[in-house]
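Colleague: I'd like to ask you about the structure that follows.
The values are calculated or read from the model by the stated rules, or taken from the named source; none is laboratory data. Everything quoted here is computed from the prediction, not taken from an experiment. Here the Cβ positions follow ideal geometry from the backbone for every residue, glycine too, while neighbour counts run over all protein chains shown. For the accessible areas, the whole protein counts, side chains as well, though only heavy atoms, and no ligand, DNA or RNA atoms are used. Shrake-Rupley method; radii C 1.70, N 1.55, O 1.52, S 1.80 Å.
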Amino acid sequence: MHPIRNGFATEKQRIVIVLGPPGSGKGTQCKRLAQFLRVPHLSTGDLLRQHVESRTNVGRKVEELLKRGVLVPDEIVMKVLRDRVTQADCLGGMVLDGFPRTERQAHLLDDCLHATRGGTSMHVFRLIVPEAVIIRRIAGRRTCPTCGCIFSDCSDRIENDLKCDRDGSPLLVREDDKEETVRYRLQIFEQEISALVGHFAKKEKVIEIEADRAVEQVTQAIFARFCPTA
Ligand code: AMP
């Protein structure tokens, strides 16, 4: 167990939001942070993909949008998120990954948290990575269609080698990781980020993290914000 955990004031629900463009390492950092804080990691992208895989009504509605990298309507995302946030394991808090993505979603989140719990303590991180680095990172990213694991730095591995370390499935480029779609997703991110940061900055500090460096260094920079002596 990390020593910082012992120092937490745990009465309030801890909500951690990590903002960042696709390819910024958001998913990886959110997973680590969730483990560290011992709260669930909620990725709206993952929740939506699970619906697609399970062929639910929601899944059928959003499948095409996900492939094209288009934002899913707020009503659908909110339903999926609310269903998850109201589960017992989220009572102590959560790490939100990929949500909110717009200012309106940030308002809807405020309402949702008011409706589901009492006090919250919120931490908002923004991962900063240059666009050229993002494009390069995503070009080397592969996903396992069976277990959903994401593998980075695959571009220099030979084609036959591209198998999932866990279950041996051949790795694929996720439909929305194709370069044209990534550029479109980046464009949407850039359109929304200022208003989103503005929304949070009114209430709490948005902590900028330089994320164009080794994963471990980024993790330490984030953890340090929970305990300056870490
Ligand atoms: P991600 O895994 O976070 O990159 O999300 C993959 C896709 O899921 C996005 O390109 C959107 O189509 C959809 N999505 C995920 N989160 C949201 C959200 N908060 N609002 C709207 N669409 C979302």
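Colleague: Hey, any hits in region 46-56 for a residue that's near the ligand (Cβ under 8 Å from one of its atoms), in contact with a Gly (Cβ under 6 Å, 6 or more places away or on another chain) and either hydrophobic (A, V, I, L, M, F, W, C) or not in a loop (DSSP other than H, G, I, E, B) (or both)?
Modeller: No; the residues of region 46-56 include none that is near the ligand (Cβ under 8 Å from one of its atoms), in contact with a Gly (Cβ under 6 Å, 6 or more places away or on another chain) and either hydrophobic (A, V, I, L, M, F, W, C) or not in a loop (DSSP other than H, G, I, E, B) (or both).
Colleague: Same structure, new question: Run down 65, 33, 42, 81 and say which single residue is assigned to a helix (DSSP H, G or I) and either within 17 Å of residue 222 (Cβ to Cβ) or more than 9 Å from the ligand (Cβ to nearest atom) (or both).
Modeller: 33
Colleague: For the condition open to solvent by less than 20 Å² (accessible area, probe 1.4 Å), at pLDDT 85 or above and more than 17 Å from the chain's Cα centre (by Cα), what is the one hit in 62, 58, 77?
Modeller: Numbers: 58 fails: open to solvent by less than 20 Å² (accessible area, probe 1.4 Å); 77 fails: more than 17 Å from the chain's Cα centre (by Cα).
62 is the lone residue from the list that is open to solvent by less than 20 Å² (accessible area, probe 1.4 Å), at pLDDT 85 or above and more than 17 Å from the chain's Cα centre (by Cα).
Colleague: Next question, about the same structure. One residue is enough: does region 168-188 have a residue meeting the conditions farther than 21 Å from residue 138 by Cα and more than 15 Å from the ligand (Cβ to nearest atom)?
Modeller: Yes: region 168-188 contains one or more residues that are farther than 21 Å from residue 138 by Cα and more than 15 Å from the ligand (Cβ to nearest atom).
Colleague: A further question on this structure: Which members of region 95-143 meet the condition of being surrounded by fewer than 16 Cβ atoms within 10 Å (Cβ to Cβ) and of a type in the set (Ser, Thr, Tyr)?
Modeller: The answer is 116, 120, 121.
Colleague: Pairs under 7 Å by beta carbon, first residue modelled with pLDDT under 90 in region 100-123, partner open to solvent by 60 Å² or more (accessible area, probe 1.4 Å) and not polar (S, T, N, Q), six or more apart or different chains?
Modeller: Correct list of pairs: 112/82; 119/12; 120/12; 121/12.
Colleague: Give region 84-94 a look and list any residue that's more than 13 Å from the ligand (Cβ to nearest atom) and open to solvent by 20 Å² or more (accessible area, probe 1.4 Å), or say none.
Modeller: 86, 87, 88, 89, 91, 92
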